Every structure is written in C-alpha cells, then in structure tokens.
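Can you keep this structure in mind? I'll have questions shortly.
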Amino acid sequence: MAFKPTINQKESKASASFATAEQKKMVATAETELVSLEEERIYREGVVSIRDLIAPAAFNVESNFLQIGNVYCRTIFVSSYPRYISIGWASPIINLSITMDIAMFFYPVKSEIILKQLRNKVGALEAQITADSEKGAPRDPIRETALRDIEKLRDDLTQGTEHFFQFAFYVTVYSESKEKLDKVSADIESIFGGKLISSRKVLFQAEQGFNSTLPLGIDELMISFNMNSSPIAASFPFISAELTSDSGILYGINRHNNSLILFDRFSLQNANMSVFATSGAGKSYAVKLEVLRTMMMGTDVIVIDPEMEYKHLSDAVGGTYINISLSSESKINPFDLPRPVGKSISVEDVIRGAIITAKGLLRIIFGGLTTSQDSLVDRALIETYAKKDITADADLSTAVPPLMQDLQEILEGMEGSEELVLKLKKFTEGTFSGLFNSPTNVDIHNQLVIFSVRDLEDELRPIAIYSIINYIWNVVRSETKKRIMIIDEAWWLMQHEDSARFIYALVKRCRKYYLGVTTITQDVNDFLKSQYGQAIVTNSALLLLMKQSPSAIDLVQKVFLLTDSEKYLLLESGVGEGIFFAGFKHAAIKVVASYTEDQLVTTNPEQLLEIERAKKEFDEKFNVK
C-alpha cells in the first residue's frame, strides 16, 4: 500500500528547505564580512595612524617620575588650600615659561548631601563650644570661626547662591634632565607654598598622574578637595599677564584676553626699552605711536633717524628736524662739554669723561689705536682742552670747546703722530671736513627733536651717531628732565667696541637723569651676539619682540627664555604683532592706532604717496603755497 503525504507534511518539507536556504545565505554573508574585516585588518597594519606618530620610543615608569623617550615628566597635585584664596591664584603657575600640562576636574555634589553633613558638623561644634563654656574654659577662636563659615555656607547653599564640588588640580611638568625636573618641581611647590597651598609630588602613581593631565578627561589620581563655587571661580585657568596700570600710554591690545596694555615705562626700575623685529614687521610704526602718545603726557623725545622715517611725524607735531650730513648747515662738535655742571660732579671729572668719550670716537675714526698711539692721543686731548683754557679750575659755563682742527694742530707738534695726523686731515681738510670741524649750532629746545643721518655714507654713520648721542648725553646731564631717546638701527653702533661700550654705559646711567633709552634693531644676530648688546637688553625693563626671521629665532628664544609656543608665535606674527615684556610680566600684543595716528606714523610707501597726493590736491584747490 503506497504512502501518500498529507498537506501538513508537504508544508513542513517546504519550510525546512526555506530554512536551509536562509541559513546558507546567512553563513555566506558572515563569511563575506569576515573576509572584509580580515582585509581591512591587513590594510590597517600597513597604514600609519596618529597614534603611531605621537607614540614615544620608550616609556619608563619610576616611583615619582616618568621618562618618555628623552623627556622626563612629573605630576604635582594640590592636597589642601588655605581658608581664603585670591582671584587668579593659579596665574603664577600658568604664566611660567616652562613646558607643562594643567588639569582641573570638577565633581558636583548634591546640596542635600552636603547640607546634611554640615548640619551634623554644626551640631558637633556647638556642643563643643557649649561644653567649654560650662567648664569655664577659654573660648576657641578656631571652632568659632569654623562655625561661622559653616553657617554662612549653609545659608548660601540653601539659597542657591553657592554650589558644592570636589575639585582636583594637577600639574605635569616636563624637562630635559632629571636635575632640571627636580628644580622645576621645587619651584612650583615653592610658588604654591608662598600662597599657603599644600602640594605634593605623586609617589608610585607617576603613570596615573601623567594620564590624568592628558587631554582625555580621565582622572586616574582621584585626589580632590571639597570646595564651594566661589573659590573654584578664583581658579579660572584662562589667565594671562595683565599689563594694565592706572597711568601711562596705550601700547596695544593684549591678544590673550583683549585687555588694554597701558603702561608707564618710568614706573619700572629703569625706563629703557629694546625693540627687535625683521624689516617690515612694524617696529618703527610701534615706536612712533609711542612717541606720539608719550608727547601727549608731556615727555620730551629725541630720535636718531637713519632712514628719514620720522620726518612726516615731526612736521605734523611741530618738531625740530635736524639733518646731519657733509653739506648740511647743522653741525655737532664732538668735543662739547655738558653745562652747567652739577655741584656733585667736579669740573675735573667732566673733562676726564669728555676725553674718554672723544678718544672712543677717535678709535672709530682711526680704525683702532695701538698702545703707543692710545697714550699719544690721550695726552693730545688733554692739551687740546687746555689750549682753550679748559682745565680743572675752569668755568665751563663760559668755556668754548675745541674743534677737530685744534686736535690736529696739537698732534702735529708731537713726535710719532704723523700717521694719526694724516688720517685726521680727512676730517679737517678733506672730503669729511664738513662734519666734525665746526662749533655746534643745533637747537634741541623742543619737545620732539629728530636727528637724521640718512644722507651720510655708511662709513660715516657710526661716527655721526656716536657724536650725536654724545651731544644728547651732554644736554641730558646739563638739565634733568623727563626724556626718551630713541636710537633706530642701533646695530650700527654694535659694529665697533667703543661705540657699543658707550651705549651700554649710557643705558646703565641714564636712569639717574630721568632718561629712557629705546634701542631698535632688525639685525638681531649682530646685536645679541655682542657682549654689550646682551648687557643693553639686560638693562632694559621694557622689551618688544615682533616678527623674527628663522635664522635668528633660536638665539632670540635662548636670550629671552621663550617657550616653543612663544617662539612660533614670533615666527608667524603679522605686522604689528609680537610679545611685550614689562619687568617680569609679558603678554602677546597687537599694536593698534586710530585713523589719525595711522596717517601720522605710517611707513607704508603706498600710503605715504597717497597722503602726499591728497595734500598736493588740497594745496592746488585752495591755492596754498
């Protein structure tokens, strides 16, 4: 008897066939995905990722520091705070010129939990105070202060004006050696200690400390301190050096926080300033802005202008512009003396100082002096002044200083001076005779006086600038007055040891005469490699660093102790941007000017031509002659 399948049996077979096909399809899909994943894995093994690029070559974990490649690092955490902390208490740490990472973690705590704990604490304190009172014991100021603080905090938490947090503060410092790391760590702990903040180095948790300050938002140390929102607000990390004072002039905008950099250079230990920048970075623009604004405060300004950049400014404010050249009518006698002489300085000292200064000028003129020539010139200068009755008992207020011709005549009567006389004749009878062989006839009784040396040959510029500065120095010593002297392209004077030494002595002594000296240079290497150049920078309380060339940036970073970020800031700065130093503070600056100021101080040739064209059209329109 044949078996005939029922309808249900047919449906079961069909379902089984469908399930088998579906399973095969799923298995095939899974195998395809596995193949794709394996292919992707093989591909990724040959691809460099960001992690591969930043991963160190070696990672050595010690008990209290890490060594990552050739770099040593250590984490310091804050364990406790004083009763009061000032706003910006972390600023001295954040503004340190060292490589470091800072991490702050805030853990909110529910108010009801804290209020319950505070209520219990209040009860315990009140019980202790009451017990002491019943026993007749003296009151405990510490407990009473704690009770008042807790009650105030309870009120603020209840009213919602305060919130409660657990606050963690970590600092990871980096250094090139273990010794430097220990020194930096000690400095940071000392700064914290000066604010009564207790800090510790991590011990046996160096890796956890390092991970906690990475930009991952992971706190592996978990060392926090209970704190309400007001003191936590004082920990706000985005702090930069503030250079805003109640008096002074506007130097620019603080690029960190857009505050104004207002400063009075005479409020520091000295009023000297050094400006370093490449050509076209805006250094002359910034200095001319300072000149304009300083004059509004009543300060006299004297400028040595090598490229006639200050002429437009001088004409606009009614300044005195003196052109020093071989054919100019303006003359400066390098043998001038300061007058009247103060009672504290003897006439003999004044004459001796004038002889030393004149001998420095002659060294530049002669290209150096041998020992015998130096002695000869020294004796000749003494006799030259004596020839004009300028001796220790002379009245300098009526004395007439000698000229270069008088020195030549004295040398001609001395044995062994033939070579010196021959060289000197170039400045008394030859092509350069129109420069130093005449009495001084310039008048600097004006608030702005500018000496231009643009029309002088390069050979004569250092000599002329030396003589001009000597003349200004004599005037400054004769009358104490609030003044600023600006030496543009000061690297000219660094080429000769005598002129460099003279500028260094001037920068050191000018504070006593209420004078501030500004040195401007674009040849940073020549200036800073000179021992006197570095000494001038050391004696300058104000510094302005603007855009630097790649060839000079390493030297600038070393001399001014810049961080890598500040180094790259100077390399990438735009026109009028840089770093402004005032004493121990410094900040990134953007020099800004109003439209009127910009028209007066601009050095852009295109802009100057446009101003000149507009002035010419105005004169023609209104028949101005």
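Yes or no: region 490-511 includes at least one residue that is part of a strand (DSSP E or B) and modelled with pLDDT of 85 or more.
Residues of region 490-511 that are part of a strand (DSSP E or B), as a first pass: none.
For region 490-511, residues part of a strand (DSSP E or B) and modelled with pLDDT of 85 or more: absent.
Related question: Against the definition (within 29 Å of T99 (Cβ to Cβ) and either aromatic (F, W, Y) or without any contact (Cβ under 8 Å) to a residue 40 or more places away in the chain (or both)), how does Y310 come out, yes or no?
Numbers: within 29 Å of T99 (Cβ to Cβ): no; either aromatic (F, W, Y) or without any contact (Cβ under 8 Å) to a residue 40 or more places away in the chain (or both): yes.
Considered against the rule, which asks whether it is within 29 Å of T99 (Cβ to Cβ) and either aromatic (F, W, Y) or without any contact (Cβ under 8 Å) to a residue 40 or more places away in the chain (or both), Y310 comes out as no.
Related question: Residues in region 429-436: is at least one at pLDDT 85 or above and surrounded by fewer than 19 Cβ atoms within 10 Å (Cβ to Cβ)?
No, the conditions are met nowhere in region 429-436.
Return the residues of region 51-97 that are within 20 Å of G209 (Cβ to Cβ) and acidic (D, E); say none if nothing qualifies. Break it down into steps so the answer makes sense when it comes.
First, pick out the residues of region 51-97 that are within 20 Å of G209 (Cβ to Cβ): 54-56, 58-81, 90, 93-94, 96.
Listed by number, the list holds a single entry, E62.
Quick one: which helices (runs of 4 or more DSSP H) sit completely within region 528-593 and have at least 3 residues that are among the charged types (D, E, K, R)?
On the way: elements: 531-538, 550-560, 564-572.
Result: 564-572.
Looking only at helices (runs of 4 or more DSSP H) that lie completely in region 131-217, which have at least 1 residues being β-branched (V, I, T) and surrounded by fewer than 19 Cβ atoms within 10 Å (Cβ to Cβ)? Give the derivation first.
Numbers: elements: 141-159, 178-194, 206-212.
Those helices (runs of 4 or more DSSP H) span 141-159, 178-194.
For region 444-466, enumerate the residues that are farther than 16 Å from V303 by Cβ, among the charged types (D, E, K, R) and within 32 Å of the chain's Cα centre (by Cα).
D458
Would you call T161 hydroxyl-bearing (S, T, Y) and out of contact with any helix residue (DSSP H, G or I) (no Cβ under 7 Å at 6 or more places or on another chain)? Steps first, answer last, please.
On the way: hydroxyl-bearing (S, T, Y): yes; out of contact with any helix residue (DSSP H, G or I) (no Cβ under 7 Å at 6 or more places or on another chain): yes.
So T161 fits the description; yes.
Counting only residues that are more than 31 Å from the chain's Cα centre (by Cα) and not in a loop (DSSP other than H, G, I, E, B), which one in region 63-90 is nearest to A168 (Cα to Cα)?
S79
Select from region 241-254 the residues that are farther than 16 Å from V287 by Cβ and touching an Asp or Glu at 6+ places or on another chain (Cβ under 7 Å) and write down the one among them that is surrounded by the most Cβ atoms within 10 Å (Cβ to Cβ). It would help to see each step written out before you state the result.
As a first pass, look at region 241-254 and keep what is farther than 16 Å from V287 by Cβ: 241-247, 253-254.
Okay, now just the ones that are also touching an Asp or Glu at 6+ places or on another chain (Cβ under 7 Å), so 245, 247.
Values: S245: 13, S247: 10.
Residue satisfying both the conditions and the ranking: S245.
Restricting the first residue to region 371-396 and requiring it to be over 14 Å from I410 (Cβ atoms), which pairs with a second residue that is surrounded by fewer than 15 Cβ atoms within 10 Å (Cβ to Cβ) and among the charged types (D, E, K, R) meet a Cβ separation below 7 Å and a spacing of at least six or different chains?
Listed by first residue and then by second, the contacts come to A392/E348.
The values are calculated or read from the model by the stated rules, or taken from the named source; none is laboratory data. Keep in mind it's a predicted model, so treat the numbers as computed, not measured. With ideal geometry, Cβ positions are generated from the backbone for all residues, glycine too; neighbour counts draw on all protein chains shown.
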